[in-house]
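The values are calculated or read from the model by the stated rules, or taken from the named source; none is laboratory data. Predicted, not measured: the structure shown is a model, and the values here were computed from it. All Cβ positions, even for glycine, are placed from backbone atoms using ideal geometry, and neighbour counts span all protein chains on display. Protein only, heavy atoms only, side chains kept; ligands, DNA and RNA dropped before computing areas. Shrake-Rupley method; radii C 1.70, N 1.55, O 1.52, S 1.80 Å.
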Amino acid sequence: MRYPRVIVHRCGGVLAPENTLAGLRIAARLGCRGVEFDAMLSADGVPVLIHDETLERTTDGRGPVAQQSFAALRALDAGASHAPAYRGEPLPSLEEALRLCDALGLWANVEIKPSAGRDGETGRIVGRLLAERWNGKGVVSSFSMAALAAARQDAPQFDYALLSDAITADWRERLAATGCRAWHCADDADPGAIAALAAAAVPAACYTVNQREGADRLLAAGAVAVFTDRPDLWSSGEM
Ligand code: G3P
Ligand code: MG
């Protein structure tokens, strides 16, 4: 598995509205090679890019994402809450984001982010979409083991990462049980555990690291990559 050293969190980090196509474009213009985004289902089962289960923080909509049709979500403004210059930036579908990553040559971490009670369904639908439409340049992850299992059933050809704050002592068993080949952990994960994964050639990537010093420390400890909201801390040649 190959990782870029720097993965921009939620598409463009703090430089653009999160989980938007504008964020992907900015990441690419900065020379970033990798991006991460969150995929959740609309009421009618279309995966869209959004982090929260509710719309208020990042869009001009209200209430749960899971209660809105894709057509209603696609019509929302996901840009103005970041900055007025982004007014009119839409809330994209996962399919649009995959297409743009392909066009921009971006490596992608698709994080499956099920809303409450929809773990298996979200994993299954995202897995099917990936199998049909994704170029496979990147990795699929989730905090939800049920979502990972469901996605892998329909899309076994891709690489999967277990997403969990800490690297637990039973990491070998957990990776084997889930079929994951990498671990995405929090930036305060035990450096000894990161080194143990590195020694076993299991990629560990740490979120969310917004200071260069912390990132350098984690990479030196054996992490293959860091997720960051601040891609501007690196030059394009370093990413
Ligand atoms: O996938 C890494 C990171 O995005 C996990 O946390 O809450 O930002 O999705 P969150
Ligand atoms: Mg995420």
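Against the test of being assigned to a loop (DSSP other than H, G, I, E, B), within 14 Å of ligand 2 (Cβ to nearest atom) and either within 14 Å of Glu111 (Cα to Cα) or of a type outside the set (Lys, Arg) (or both), the options Glu18, Glu56, Glu36 yield a single qualifying residue, Glu18. Scan region 138-158 residue by residue and report those that are surrounded by fewer than 18 Cβ atoms within 10 Å (Cβ to Cβ) and under 14 Å from the mean Cα position of the chain (by Cα). Result: Phe143, single match. Residues that are surrounded by fewer than 17 Cβ atoms within 10 Å (Cβ to Cβ) and assigned to a helix (DSSP H, G or I) within region 59-94 comprise Gln67, Ala71, Ala72, Pro84, Ala85, listed in sequence order. Within the set Arg99, Arg10, the sole residue that is touching a helix residue (DSSP H, G or I) at 6+ places or on another chain (Cβ under 9 Å), closer than 30 Å to Gly222 by Cα and either away from ligand 1 (no atom under 16 Å from the Cβ) or assigned to a loop (DSSP other than H, G, I, E, B) (or both) turns out to be Arg10. Could you tell me whether Pro156 is within 30 Å of Ser236 (Cα to Cα) and away from ligand 2 (no atom under 15 Å from the Cβ)? Judged against the criteria, Pro156 is not a match.
Checking each residue in region 147-169 for being in contact with a helix residue (DSSP H, G or I) (Cβ under 9 Å, 6 or more places away or on another chain) and of a type in the set (D, E, K, R) picks out Arg152, Asp154. Residue count for region 187-209 under the criterion of being open to solvent by 10 Å² or more (accessible area, probe 1.4 Å) and not in a loop (DSSP other than H, G, I, E, B): the result is 8. Within this structure, Ala116 passes the test of being in contact (Cβ under 8 Å) with a residue 12 or more places away in the chain and within 16 Å of ligand 1 (Cβ to nearest atom). Residues considered: Lys137, Lys113. Of these, the only one that is under 18 Å from Phe227 (Cβ atoms) and within 15 Å of ligand 2 (Cβ to nearest atom) is Lys113.
Name the single residue, out of those in region 42-53 being part of a loop (DSSP other than H, G, I, E, B) and within 14 Å of ligand 2 (Cβ to nearest atom), that is surrounded by the most Cβ atoms within 10 Å (Cβ to Cβ).
Taking region 42-53 as the starting set, the residues that turn out to be part of a loop (DSSP other than H, G, I, E, B) are 42-46, 50-53.
Still in the running and within 14 Å of ligand 2 (Cβ to nearest atom): 50-53.
On the way: Ile50: 29, His51: 17, Asp52: 17, Glu53: 15.
The qualifying residue surrounded by the most Cβ atoms within 10 Å (Cβ to Cβ) is Ile50.
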